[in-house]
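> Right, I'll just put the structure down here and ask away after.
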Protein chains: 2
Amino acid sequence: MEVQIAVAKVNKFGVSESGDTLEVVERPNGGVSVVLADGQTSGRGAKAVSMMVVRKVIGLLAEGVRDGAAARAASDLLFTEKAGKVSCTLNIASIDLHTNTIVLTRNNPAPMSICRDGQVDCVSTESVPLGNARDTRPIISEMDIQPGAVIVIYTDGLTHAGERRGHPMDVCTVIQAMLDEQDPSPQAIADELLAHAVSLDEGRPADDISVVALKVTPRMGDHVRRMTVRLPIE
Amino acid sequence: MEVQIAVAKVNKFGVSESGDTLEVVERPNGGVSVVLADGQTSGRGAKAVSMMVVRKVIGLLAEGVRDGAAARAASDLLFTEKAGKVSCTLNIASIDLHTNTIVLTRNNPAPMSICRDGQVDCVSTESVPLGNARDTRPIISEMDIQPGAVIVIYTDGLTHAGERRGHPMDVCTVIQAMLDEQDPSPQAIADELLAHAVSLDEGRPADDISVVALKVTPRMGDHVRRMTVRLPIE
(Lines give C-alpha, C1' and ligand atoms only; values in the text may rest on other atoms or scores of the structure.)
Protein backbone atom coordinates (compact mmCIF):
# COMPACT_ATOMS: atom_id res chain seq x y z
CA MET A 1 0.00 0.00 0.00
CA GLU A 2 0.96 3.61 -0.20
CA VAL A 3 -0.21 6.53 1.89
CA GLN A 4 -0.40 9.86 0.10
CA ILE A 5 -0.85 13.11 1.98
CA ALA A 6 -1.49 16.47 0.34
CA VAL A 7 -1.79 19.94 1.81
CA ALA A 8 -3.11 23.19 0.34
CA LYS A 9 -2.89 26.32 2.45
CA VAL A 10 -3.71 29.98 1.85
CA ASN A 11 -3.61 33.13 4.01
CA LYS A 12 -6.51 35.39 4.88
CA PHE A 13 -6.72 38.10 2.24
CA GLY A 14 -4.36 41.00 2.92
CA VAL A 15 -2.60 39.28 5.83
CA SER A 16 0.98 38.21 5.23
CA GLU A 17 1.13 35.74 8.09
CA SER A 18 -1.19 32.75 8.39
CA GLY A 19 -2.60 31.90 11.82
CA ASP A 20 -2.60 28.26 10.72
CA THR A 21 0.49 26.13 11.26
CA LEU A 22 1.02 22.73 9.72
CA GLU A 23 3.94 20.33 10.10
CA VAL A 24 4.53 16.75 9.06
CA VAL A 25 6.84 14.70 11.27
CA GLU A 26 8.17 11.20 11.25
CA ARG A 27 7.03 8.96 14.12
CA PRO A 28 9.84 7.26 16.04
CA ASN A 29 8.18 3.83 15.81
CA GLY A 30 7.34 4.17 12.12
CA GLY A 31 4.96 6.27 10.09
CA VAL A 32 4.24 9.98 9.92
CA SER A 33 1.96 12.48 11.63
CA VAL A 34 0.38 15.60 10.19
CA VAL A 35 -0.23 18.27 12.83
CA LEU A 36 -2.52 21.22 12.01
CA ALA A 37 -3.35 24.07 14.39
CA ASP A 38 -5.34 27.27 13.98
CA GLY A 39 -4.71 29.99 16.57
CA GLN A 40 -7.52 32.28 17.72
CA THR A 41 -7.88 35.50 15.63
CA SER A 42 -5.43 36.04 12.75
CA GLY A 43 -2.02 37.45 11.92
CA ARG A 44 1.10 37.46 14.06
CA GLY A 45 -0.52 36.71 17.43
CA ALA A 46 -2.47 33.75 16.06
CA LYS A 47 0.66 32.46 14.34
CA ALA A 48 2.64 32.51 17.59
CA VAL A 49 -0.09 30.51 19.31
CA SER A 50 -0.48 27.89 16.58
CA MET A 51 3.32 27.52 16.27
CA MET A 52 3.63 27.01 20.02
CA VAL A 53 0.95 24.30 19.94
CA VAL A 54 2.37 22.51 16.89
CA ARG A 55 5.94 22.69 18.21
CA LYS A 56 4.83 21.15 21.51
CA VAL A 57 2.90 18.38 19.77
CA ILE A 58 5.62 17.43 17.26
CA GLY A 59 8.26 17.48 20.01
CA LEU A 60 6.21 15.03 22.07
CA LEU A 61 5.29 12.81 19.10
CA ALA A 62 9.00 12.60 18.18
CA GLU A 63 9.66 11.27 21.68
CA GLY A 64 7.08 8.52 21.21
CA VAL A 65 4.28 10.15 23.25
CA ARG A 66 0.82 9.06 22.08
CA ASP A 67 -1.24 11.52 20.05
CA GLY A 68 -3.97 12.04 22.65
CA ALA A 69 -1.46 12.71 25.41
CA ALA A 70 0.39 15.17 23.16
CA ALA A 71 -2.87 17.05 22.47
CA ARG A 72 -3.65 17.28 26.20
CA ALA A 73 -0.14 18.49 26.95
CA ALA A 74 -0.41 21.20 24.30
CA SER A 75 -3.75 22.30 25.76
CA ASP A 76 -2.32 22.53 29.27
CA LEU A 77 0.67 24.49 27.96
CA LEU A 78 -1.57 26.97 26.14
CA PHE A 79 -3.94 27.26 29.13
CA THR A 80 -1.00 27.99 31.42
CA GLU A 81 0.74 30.43 29.06
CA LYS A 82 -2.39 32.43 28.22
CA ALA A 83 -4.38 31.96 31.44
CA GLY A 84 -7.20 30.23 29.55
CA LYS A 85 -7.94 33.32 27.45
CA VAL A 86 -6.63 32.15 24.07
CA SER A 87 -7.80 29.06 22.23
CA CYS A 88 -6.33 27.08 19.37
CA THR A 89 -7.78 24.24 17.33
CA LEU A 90 -5.73 21.11 16.74
CA ASN A 91 -5.99 18.16 14.38
CA ILE A 92 -3.49 15.32 14.26
CA ALA A 93 -3.65 12.69 11.52
CA SER A 94 -1.18 9.87 12.12
CA ILE A 95 -0.16 6.91 10.03
CA ASP A 96 1.00 4.66 12.85
CA LEU A 97 3.02 1.77 11.42
CA HIS A 98 3.45 0.32 14.92
CA THR A 99 -0.30 -0.37 15.29
CA ASN A 100 -1.00 -0.33 11.52
CA THR A 101 -3.77 2.20 12.06
CA ILE A 102 -4.69 5.71 11.11
CA VAL A 103 -5.19 7.72 14.31
CA LEU A 104 -7.24 10.91 14.03
CA THR A 105 -7.07 13.31 16.98
CA ARG A 106 -9.36 16.33 16.95
CA ASN A 107 -9.74 19.38 19.18
CA ASN A 108 -11.68 21.41 16.66
CA PRO A 109 -15.36 22.36 16.37
CA ALA A 110 -14.93 22.11 12.57
CA PRO A 111 -15.83 18.59 11.42
CA MET A 112 -13.61 16.26 9.41
CA SER A 113 -14.43 13.81 6.66
CA ILE A 114 -13.70 10.10 6.62
CA CYS A 115 -14.43 8.29 3.36
CA ARG A 116 -14.55 4.52 2.99
CA ASP A 117 -15.88 2.58 -0.01
CA GLY A 118 -16.72 5.86 -1.71
CA GLN A 119 -19.05 7.00 1.12
CA VAL A 120 -18.24 10.25 2.90
CA ASP A 121 -18.85 10.29 6.64
CA CYS A 122 -18.92 13.80 8.07
CA VAL A 123 -17.53 13.49 11.60
CA SER A 124 -18.95 16.36 13.61
CA THR A 125 -18.96 14.95 17.14
CA GLU A 126 -18.73 17.93 19.49
CA SER A 127 -15.10 18.86 20.05
CA VAL A 128 -13.60 21.88 21.79
CA PRO A 129 -10.38 23.74 20.95
CA LEU A 130 -7.31 23.67 23.20
CA GLY A 131 -6.48 26.23 25.84
CA ASN A 132 -9.80 27.34 27.37
CA ALA A 133 -10.11 24.80 30.17
CA ARG A 134 -7.94 22.57 32.30
CA ASP A 135 -9.47 19.22 31.38
CA THR A 136 -9.67 19.57 27.60
CA ARG A 137 -9.83 16.19 25.87
CA PRO A 138 -9.49 15.36 22.21
CA ILE A 139 -11.88 13.21 20.19
CA ILE A 140 -9.88 10.26 18.87
CA SER A 141 -10.85 7.96 15.99
CA GLU A 142 -8.79 4.99 14.94
CA MET A 143 -9.15 2.91 11.79
CA ASP A 144 -7.14 0.30 9.90
CA ILE A 145 -4.86 1.44 7.11
CA GLN A 146 -6.88 0.14 4.16
CA PRO A 147 -6.77 0.97 0.45
CA GLY A 148 -9.55 3.35 -0.55
CA ALA A 149 -9.66 5.26 2.73
CA VAL A 150 -9.67 9.04 2.30
CA ILE A 151 -9.45 11.45 5.24
CA VAL A 152 -9.92 15.21 4.91
CA ILE A 153 -9.17 17.59 7.79
CA TYR A 154 -9.28 21.37 7.65
CA THR A 155 -9.36 24.59 9.61
CA ASP A 156 -12.60 26.57 10.02
CA GLY A 157 -11.63 28.96 7.23
CA LEU A 158 -12.95 26.26 4.90
CA THR A 159 -16.32 25.79 6.59
CA HIS A 160 -16.81 29.54 7.06
CA ALA A 161 -16.02 30.39 3.44
CA GLY A 162 -18.95 32.13 1.75
CA GLU A 163 -20.78 32.91 5.02
CA ARG A 164 -20.25 36.63 4.41
CA ARG A 165 -22.39 36.31 1.28
CA GLY A 166 -24.85 33.85 2.81
CA HIS A 167 -23.56 30.88 0.78
CA PRO A 168 -21.60 28.76 3.25
CA MET A 169 -19.75 25.74 1.97
CA ASP A 170 -20.98 22.20 2.60
CA VAL A 171 -17.59 20.50 2.65
CA CYS A 172 -18.76 16.89 2.81
CA THR A 173 -21.15 17.36 -0.12
CA VAL A 174 -18.33 18.78 -2.23
CA ILE A 175 -16.08 15.84 -1.33
CA GLN A 176 -18.86 13.32 -2.05
CA ALA A 177 -19.41 14.90 -5.48
CA MET A 178 -15.69 14.63 -6.26
CA LEU A 179 -15.52 10.97 -5.20
CA ASP A 180 -18.68 10.12 -7.16
CA GLU A 181 -17.28 11.50 -10.39
CA GLN A 182 -13.68 10.35 -10.34
CA ASP A 183 -10.85 8.88 -8.30
CA PRO A 184 -9.17 12.14 -7.29
CA SER A 185 -5.63 12.32 -5.94
CA PRO A 186 -5.29 13.84 -2.46
CA GLN A 187 -3.72 16.96 -4.03
CA ALA A 188 -6.74 17.31 -6.34
CA ILE A 189 -9.09 16.99 -3.34
CA ALA A 190 -7.19 19.59 -1.28
CA ASP A 191 -6.79 21.96 -4.23
CA GLU A 192 -10.42 21.74 -5.32
CA LEU A 193 -11.81 22.27 -1.80
CA LEU A 194 -9.53 25.28 -1.33
CA ALA A 195 -10.39 26.73 -4.75
CA HIS A 196 -14.10 26.27 -4.02
CA ALA A 197 -13.76 28.12 -0.71
CA VAL A 198 -11.73 30.96 -2.21
CA SER A 199 -14.31 31.42 -4.96
CA LEU A 200 -17.13 31.55 -2.35
CA ASP A 201 -15.10 34.33 -0.69
CA GLU A 202 -14.86 36.04 -4.10
CA GLY A 203 -11.11 35.48 -4.34
CA ARG A 204 -10.44 37.19 -1.00
CA PRO A 205 -10.33 34.54 1.73
CA ALA A 206 -12.06 35.86 4.89
CA ASP A 207 -9.82 33.64 7.04
CA ASP A 208 -6.70 31.49 6.78
CA ILE A 209 -7.63 28.19 5.14
CA SER A 210 -5.70 24.92 5.38
CA VAL A 211 -6.84 21.62 3.91
CA VAL A 212 -5.15 18.23 4.38
CA ALA A 213 -6.21 15.20 2.33
CA LEU A 214 -4.87 11.74 3.09
CA LYS A 215 -5.47 8.73 0.90
CA VAL A 216 -4.49 5.07 1.15
CA THR A 217 -3.91 3.44 -2.23
CA PRO A 218 -2.86 -0.05 -3.32
CA ARG A 219 0.92 0.13 -3.75
CA MET A 220 2.08 1.16 -7.17
CA GLY A 221 5.74 1.52 -7.93
CA ASP A 222 8.88 1.57 -5.86
CA HIS A 223 9.89 1.75 -2.19
CA VAL A 224 10.94 5.38 -2.40
CA ARG A 225 9.52 7.90 0.06
CA ARG A 226 8.82 11.20 -1.61
CA MET A 227 7.91 14.69 -0.51
CA THR A 228 7.40 17.95 -2.36
CA VAL A 229 6.87 21.45 -1.02
CA ARG A 230 5.78 24.46 -3.07
CA LEU A 231 6.22 27.83 -1.43
CA PRO A 232 5.09 30.92 -3.39
CA ILE A 233 7.05 34.01 -2.35
CA GLU A 234 6.69 37.68 -3.21
CA MET B 1 8.81 33.57 -7.45
CA GLU B 2 8.16 30.12 -6.14
CA VAL B 3 10.45 27.78 -4.25
CA GLN B 4 9.94 24.09 -4.92
CA ILE B 5 11.53 21.44 -2.73
CA ALA B 6 11.50 17.73 -3.50
CA VAL B 7 12.77 14.77 -1.52
CA ALA B 8 13.39 11.15 -2.51
CA LYS B 9 14.53 8.71 0.15
CA VAL B 10 15.18 4.99 0.23
CA ASN B 11 16.45 2.56 2.88
CA LYS B 12 19.54 0.38 2.72
CA PHE B 13 18.57 -2.96 1.18
CA GLY B 14 17.12 -5.37 3.74
CA VAL B 15 16.99 -2.82 6.54
CA SER B 16 13.54 -1.67 7.60
CA GLU B 17 14.68 1.48 9.35
CA SER B 18 16.60 4.26 7.60
CA GLY B 19 19.50 5.89 9.45
CA ASP B 20 18.66 9.08 7.57
CA THR B 21 16.14 11.51 9.02
CA LEU B 22 14.64 14.41 7.12
CA GLU B 23 12.16 17.03 8.28
CA VAL B 24 10.83 20.23 6.76
CA VAL B 25 9.84 22.97 9.21
CA GLU B 26 8.42 26.44 8.93
CA ARG B 27 10.72 29.25 10.09
CA PRO B 28 9.17 31.62 12.64
CA ASN B 29 10.21 34.73 10.68
CA GLY B 30 9.07 33.37 7.33
CA GLY B 31 10.21 30.62 5.02
CA VAL B 32 11.03 26.96 5.51
CA SER B 33 14.04 24.83 6.41
CA VAL B 34 14.89 21.33 5.26
CA VAL B 35 16.96 19.43 7.81
CA LEU B 36 18.72 16.21 6.77
CA ALA B 37 20.86 14.05 9.06
CA ASP B 38 22.60 10.71 8.56
CA GLY B 39 23.58 8.85 11.73
CA GLN B 40 26.74 6.73 11.85
CA THR B 41 26.23 3.05 10.85
CA SER B 42 22.70 1.94 9.88
CA GLY B 43 19.47 0.62 11.33
CA ARG B 44 17.88 1.44 14.66
CA GLY B 45 20.96 2.93 16.38
CA ALA B 46 21.70 5.25 13.48
CA LYS B 47 18.04 6.26 13.33
CA ALA B 48 18.01 7.24 17.01
CA VAL B 49 21.08 9.42 16.47
CA SER B 50 19.81 11.17 13.35
CA MET B 51 16.38 11.74 14.93
CA MET B 52 18.00 13.26 18.02
CA VAL B 53 20.04 15.64 15.85
CA VAL B 54 17.14 16.63 13.60
CA ARG B 55 14.77 17.09 16.56
CA LYS B 56 17.30 19.38 18.26
CA VAL B 57 17.84 21.42 15.11
CA ILE B 58 14.16 21.87 14.21
CA GLY B 59 13.33 22.75 17.81
CA LEU B 60 15.94 25.51 17.78
CA LEU B 61 15.03 26.78 14.30
CA ALA B 62 11.38 27.00 15.39
CA GLU B 63 12.51 29.28 18.23
CA GLY B 64 14.28 31.59 15.77
CA VAL B 65 17.83 30.36 16.45
CA ARG B 66 20.11 30.83 13.44
CA ASP B 67 21.02 27.78 11.38
CA GLY B 68 24.73 27.76 12.24
CA ALA B 69 24.05 28.03 15.96
CA ALA B 70 21.49 25.22 15.72
CA ALA B 71 24.07 22.98 14.01
CA ARG B 72 26.66 23.72 16.72
CA ALA B 73 24.14 23.02 19.45
CA ALA B 74 23.21 19.68 17.87
CA SER B 75 26.90 18.76 17.65
CA ASP B 76 27.47 19.59 21.31
CA LEU B 77 24.40 17.58 22.30
CA LEU B 78 25.57 14.54 20.34
CA PHE B 79 29.15 14.89 21.65
CA THR B 80 27.85 15.03 25.21
CA GLU B 81 25.34 12.18 24.83
CA LYS B 82 27.74 9.78 23.08
CA ALA B 83 31.07 10.97 24.56
CA GLY B 84 32.39 11.90 21.12
CA LYS B 85 32.16 8.31 19.84
CA VAL B 86 29.23 8.63 17.44
CA SER B 87 29.06 11.02 14.51
CA CYS B 88 26.18 12.26 12.40
CA THR B 89 26.18 14.33 9.23
CA LEU B 90 23.88 17.33 8.96
CA ASN B 91 22.67 19.50 6.11
CA ILE B 92 20.26 22.40 6.53
CA ALA B 93 18.79 24.19 3.50
CA SER B 94 16.78 27.23 4.51
CA ILE B 95 14.60 29.60 2.54
CA ASP B 96 14.90 32.61 4.82
CA LEU B 97 12.22 35.15 3.91
CA HIS B 98 13.53 37.50 6.59
CA THR B 99 16.87 38.00 4.80
CA ASN B 100 15.56 36.89 1.37
CA THR B 101 18.38 34.41 1.07
CA ILE B 102 18.95 30.69 0.77
CA VAL B 103 21.17 29.59 3.65
CA LEU B 104 23.01 26.29 3.24
CA THR B 105 24.56 24.79 6.36
CA ARG B 106 26.72 21.70 5.99
CA ASN B 107 28.43 19.35 8.42
CA ASN B 108 28.95 16.58 5.93
CA PRO B 109 32.02 15.30 4.07
CA ALA B 110 29.70 14.55 1.11
CA PRO B 111 29.59 17.56 -1.22
CA MET B 112 26.49 19.43 -2.35
CA SER B 113 25.61 20.99 -5.68
CA ILE B 114 24.68 24.60 -6.32
CA CYS B 115 23.51 25.39 -9.85
CA ARG B 116 23.15 28.92 -11.24
CA ASP B 117 22.61 29.87 -14.87
CA GLY B 118 22.71 26.21 -15.82
CA GLN B 119 26.22 25.69 -14.40
CA VAL B 120 26.67 23.10 -11.66
CA ASP B 121 29.11 24.02 -8.91
CA CYS B 122 30.17 21.03 -6.83
CA VAL B 123 30.76 22.39 -3.32
CA SER B 124 33.23 20.06 -1.63
CA THR B 125 34.94 22.35 0.87
CA GLU B 126 36.17 20.13 3.70
CA SER B 127 33.42 19.66 6.26
CA VAL B 128 33.26 17.35 9.26
CA PRO B 129 30.22 15.59 10.73
CA LEU B 130 28.74 16.48 14.11
CA GLY B 131 29.56 14.80 17.37
CA ASN B 132 33.26 13.89 17.22
CA ALA B 133 34.76 17.07 18.67
CA ARG B 134 33.84 19.95 20.93
CA ASP B 135 34.45 22.78 18.48
CA THR B 136 32.72 21.43 15.39
CA ARG B 137 31.69 24.20 13.00
CA PRO B 138 29.46 24.03 9.96
CA ILE B 139 30.32 25.38 6.51
CA ILE B 140 27.71 28.01 5.67
CA SER B 141 26.90 29.37 2.20
CA GLU B 142 24.36 32.10 1.60
CA MET B 143 22.89 33.23 -1.71
CA ASP B 144 20.03 35.39 -2.93
CA ILE B 145 16.73 33.72 -3.73
CA GLN B 146 16.84 34.03 -7.53
CA PRO B 147 14.92 32.24 -10.27
CA GLY B 148 16.96 29.48 -11.87
CA ALA B 149 18.87 28.50 -8.74
CA VAL B 150 18.94 24.76 -8.09
CA ILE B 151 20.44 23.25 -4.93
CA VAL B 152 20.95 19.52 -4.42
CA ILE B 153 21.96 18.05 -1.06
CA TYR B 154 22.27 14.39 -0.20
CA THR B 155 23.59 11.80 2.21
CA ASP B 156 26.71 9.77 1.43
CA GLY B 157 24.64 6.79 0.27
CA LEU B 158 24.37 8.67 -3.02
CA THR B 159 28.09 9.32 -3.50
CA HIS B 160 29.04 5.81 -2.36
CA ALA B 161 26.58 4.07 -4.68
CA GLY B 162 28.34 1.74 -7.08
CA GLU B 163 31.64 1.71 -5.15
CA ARG B 164 31.15 -1.98 -4.39
CA ARG B 165 31.35 -2.66 -8.13
CA GLY B 166 34.05 -0.09 -8.80
CA HIS B 167 31.68 2.31 -10.60
CA PRO B 168 31.13 5.16 -8.14
CA MET B 169 28.66 7.86 -9.04
CA ASP B 170 29.76 11.32 -10.11
CA VAL B 171 26.77 13.24 -8.79
CA CYS B 172 27.58 16.66 -10.23
CA THR B 173 28.15 15.25 -13.71
CA VAL B 174 24.77 13.53 -13.62
CA ILE B 175 23.09 16.78 -12.50
CA GLN B 176 24.90 18.79 -15.20
CA ALA B 177 23.73 16.32 -17.85
CA MET B 178 20.12 16.66 -16.65
CA LEU B 179 20.25 20.45 -16.69
CA ASP B 180 21.88 20.52 -20.14
CA GLU B 181 19.13 18.42 -21.68
CA GLN B 182 16.00 19.82 -20.11
CA ASP B 183 14.51 21.99 -17.38
CA PRO B 184 13.83 19.27 -14.82
CA SER B 185 11.52 19.71 -11.85
CA PRO B 186 13.11 19.21 -8.44
CA GLN B 187 11.22 15.92 -8.08
CA ALA B 188 12.64 14.74 -11.42
CA ILE B 189 16.17 15.66 -10.26
CA ALA B 190 15.80 13.87 -6.91
CA ASP B 191 14.11 10.83 -8.47
CA GLU B 192 16.65 10.47 -11.28
CA LEU B 193 19.67 10.79 -8.97
CA LEU B 194 18.19 8.20 -6.62
CA ALA B 195 17.28 5.82 -9.46
CA HIS B 196 20.79 6.17 -10.89
CA ALA B 197 22.34 5.33 -7.51
CA VAL B 198 20.04 2.35 -6.93
CA SER B 199 20.87 0.95 -10.38
CA LEU B 200 24.63 1.31 -9.65
CA ASP B 201 23.96 -0.74 -6.52
CA GLU B 202 22.13 -3.30 -8.71
CA GLY B 203 18.76 -2.53 -7.13
CA ARG B 204 20.02 -3.22 -3.60
CA PRO B 205 21.13 0.07 -2.03
CA ALA B 206 24.33 -0.49 0.00
CA ASP B 207 23.34 2.39 2.31
CA ASP B 208 20.38 4.63 3.12
CA ILE B 209 20.09 7.28 0.42
CA SER B 210 18.32 10.65 0.73
CA VAL B 211 18.29 13.32 -1.95
CA VAL B 212 16.83 16.84 -1.61
CA ALA B 213 16.46 19.12 -4.63
CA LEU B 214 15.44 22.75 -4.25
CA LYS B 215 14.60 25.01 -7.16
CA VAL B 216 13.62 28.67 -7.43
CA THR B 217 11.27 29.36 -10.33
CA PRO B 218 9.55 32.50 -11.61
CA ARG B 219 6.09 32.51 -9.97
CA MET B 220 3.43 30.70 -11.91
CA GLY B 221 -0.06 30.44 -10.58
CA ASP B 222 -1.69 31.17 -7.25
CA HIS B 223 -0.67 32.05 -3.69
CA VAL B 224 -1.39 28.58 -2.36
CA ARG B 225 1.28 26.70 -0.39
CA ARG B 226 1.27 23.03 -1.23
CA MET B 227 2.88 19.91 0.13
CA THR B 228 2.61 16.24 -0.77
CA VAL B 229 4.01 13.20 1.00
CA ARG B 230 4.12 9.68 -0.42
CA LEU B 231 4.84 6.91 2.05
CA PRO B 232 5.06 3.35 0.71
CA ILE B 233 4.14 0.80 3.38
CA GLU B 234 4.27 -3.00 3.47
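> So what are the range B:44-123's ellipsoid semi-axes, whole angstrom, largest first, if each one is the square root of 5 times an eigenvalue of the alpha-carbon gyration tensor? Present the calculation step by step, with values, prior to reporting the outcome.
Values: eigenvalues 128, 58, 18 Å².
Taking √(5λ) for each Cα gyration eigenvalue gives 25, 17, 9 Å.
> For the rotation that brings chain A onto chain B, whose beta-carbon in chain A is nearest the axis, and what is that distance in whole angstrom?
Per the Cβ-to-axis criterion, the result reads A:THR228, 3.
> List, by residue number, every residue in the range A:172-196 with a reduction of 10 Å² or greater in accessible area between the chain on its own and the complete protein assembly, 1.4 Å probe.
Those are A:GLN187, A:ASP191, A:LEU194, which lose 10 Å² or more relative to the chain on its own.
> Here's another thing I want to ask about it. Which one of A:ALA74, A:ASN108, A:HIS160 is farthest out on the positive end of the charge dipole of the range A:72-186, using unit charges on Cβ (Lys, Arg +1; Asp, Glu -1) and the Cα centre as origin?
Looking along the dipole axis, the top candidate is A:ALA74.
> Could you size up the charge dipole of chain B around its Cα centre, putting +1 on the beta carbon of Lys and Arg and -1 on that of Asp and Glu, and report it in debye to the nearest 20? Before the final figure, lay out the partial values.
Values: 23 positive and 31 negative charges, 155 e Å.
Roughly 740 debye, rounded to the nearest 20.
> Okay, next question. Efficiency by 1/(1 + (r/R0)^6): what FRET value for B:SER124 and B:ALA177, r their Cβ-Cβ distance, R0 = 22 Å, to the nearest 0.05? Please list the in-between numbers first.
On the way: r = 19 Å, r/R0 = 0.85.
In this case the efficiency is close to 0.75.
> Could you state the accessible area per residue of the protein assembly as shown in Å², with a 1.4 Å probe and every protein chain left in place? Could you put the intermediate results ahead of the total?
Working: 18990 Å² over 468 residues.
With the other protein chains kept in place, the protein assembly as shown gives 41 Å² per residue.
> Something else: Quote the Stokes-Einstein diffusion coefficient, in whole µm² s⁻¹, for the protein assembly as shown, based on the Kirkwood radius over alpha carbon pairs, a temperature of 20 °C and a viscosity of 1.002 mPa s. Present the calculation step by step, with values, prior to reporting the outcome.
Details: Rh = 22.5 Å.
Estimated diffusion coefficient is 95 µm²/s.
> Under a 10 Å cutoff between Cα atoms, tell me which one of A:SER42, A:SER18, A:SER199 has the largest fluctuation in the Gaussian network model of chain A.
A:SER199
> Using a Gaussian network model on chain A with a 10 Å cutoff between Cα atoms, which of A:ARG44, A:ARG134, A:ARG164 fluctuates the most?
Of A:ARG44, A:ARG134, A:ARG164, the Gaussian network model singles out A:ARG164 as fluctuating most.
> For the interface of A with B, what's the total buried accessible surface in square angstrom, probe 1.4 angstrom, rounded to the nearest hundred?
Buried area between the two chains comes out at roughly 4900 Å².
> Post the alpha-carbon centroid distance, the range B:117-133 to the range A:125-147, in whole angstrom.
Spelled out, the Cα-based centre of one part sits 45 Å from the other.
> Could I ask something else about it? Per 5 Å bin, what percent of the C-alpha pairs of the range B:131-234 does each bin hold, from zero upward?
P(r) for the range B:131-234, in whole percents per bin: 2, 10, 17, 18, 18, 15, 11, 7, 2, 0.
> Here is a follow-up. Let me spell out the model: positive unit charges on the Cβ of Lys and Arg, negative unit charges on the Cβ of Asp and Glu, origin at the Cα centre of the range A:35-161. What dipole size does that give, in debye rounded to 20? Don't jump to the answer; show the numbers that get you there.
Details: 12 positive and 13 negative charges, 118 e Å.
So the magnitude is around 560 debye.
> Further question: Counting Lys and Arg as +1 and Asp and Glu as -1, each charge on the Cβ, what is the dipole of the protein assembly as shown about the Cα centre in debye, to the nearest 20?
Values: 46 positive and 62 negative charges, 272 e Å.
In debye, rounded to 20, the protein assembly as shown gives about 1300.
> If you put a point 7 Å past Cα along the Cβ direction, how far is that point for A:ASP180 from the same point in each other copy, in nm, smallest first?
A:ASP180 label point versus its equivalents elsewhere: 5.5 nm.
> Have a look at the range B:1-34 and report residues whose accessible surface goes down by 40 Å² or more when the remaining protein chains are included, against the chain on its own, probe 1.4 Å, ligands and DNA/RNA excluded.
For the range B:1-34, once contacts with the other chains are taken into account, B:MET1, B:GLU2, B:VAL3, B:ILE5, B:VAL7, B:LYS9, B:GLU23, B:VAL24, B:GLU26, B:PRO28 lose 40 Å² or more.
> Taking the alpha-carbon centroid of each part, what is the distance from the range B:150-187 to the range A:68-103 in angstrom?
40
> Which semi-axis lengths, in whole Å and largest first, follow from the square roots of five times the eigenvalues of the Cα gyration tensor of the range A:54-100?
On the way: eigenvalues 108, 20, 11 Å².
Value: 23, 10, 7 Å, ordered largest first.
> Give me the percent of the accessible area of chain B that comes from carbon and sulfur atoms, probe 1.4 Å, all protein chains in place. The partial results should precede the final answer.
On the way: 4610 of 9490 Å².
In chain B, the share of accessible area belonging to carbon and sulfur is 49 percent.
> Gaussian network model of chain A, Cα springs within a sub-10 Å range: biggest mean-square fluctuation belongs to which of A:ASN91, A:ASN107, A:ASN29?
A:ASN29
> Also, I was wondering about something else. Evaluate the range B:23-179: find the radius of gyration of its Cα atoms, find its Kirkwood radius, and give the ratio Rg to Rh. Don't jump to the answer; show the numbers that get you there.
Working: Rg = 15.7 Å, Rh = 16.1 Å.
We get a ratio of 0.97 for the range B:23-179.
> Same structure again: Using protein chains only (no ligands, no nucleic acids) and a 1.4 Å probe, work out which residues of the range A:43-70 have their accessible area cut by at least 50 Å² relative to the chain alone.
Residues meeting the cut-off: A:MET51, A:ARG55.
> When the helices in chain A are scored as -39500 (n - 2.57) per DSSP H run of 4 or longer and the sum is shared across all residues, what 222 nm value do you end up with, to the nearest 500 deg cm²/dmol? Write out the running numbers ahead of the final one.
Values: 5 runs with 66 residues, N = 234.
After summing the helix terms and dividing by the residues of chain A, the value is -9000 deg cm²/dmol.
> Measuring nothing but label to label, 7 Å from Cα along Cα→Cβ, what are A:HIS98's distances to the other copies in nm, shortest first?
The answer, with the shortest distance listed first, is 3.4 nm.
> List, shortest first and in nm to one decimal, how far the label point of A:SER199 (7 Å from Cα along Cα→Cβ) is from its counterparts in the other copies.
Sorted ascending, the copy-to-copy spacings read 4.3 nm.
> Expressed as a whole number of Å, what is the distance separating the alpha-carbon centroids of the range B:206-233 and the range A:1-28?
Centre-to-centre (Cα) distance: 13 Å.
> May I ask which residue of B:ILE139, B:ALA83, A:MET169 lies farthest towards the positive end of the charge dipole of the protein assembly as shown, with charges of +1 (Lys, Arg) and -1 (Asp, Glu) on Cβ and the Cα centre as origin?
Projecting each Cα onto the dipole axis, the largest value belongs to B:ALA83.
The values are calculated or read from the model by the stated rules, or taken from the named source; none is laboratory data. Treat the numbers as computed from the prediction; the structure is a model and nothing was measured. Backbone-built Cβ (ideal geometry, glycine too); neighbour counts: all protein chains shown. SASA here: full protein model, heavy atoms, side chains in, ligands and nucleic acids out. Shrake-Rupley method; radii C 1.70, N 1.55, O 1.52, S 1.80 Å.
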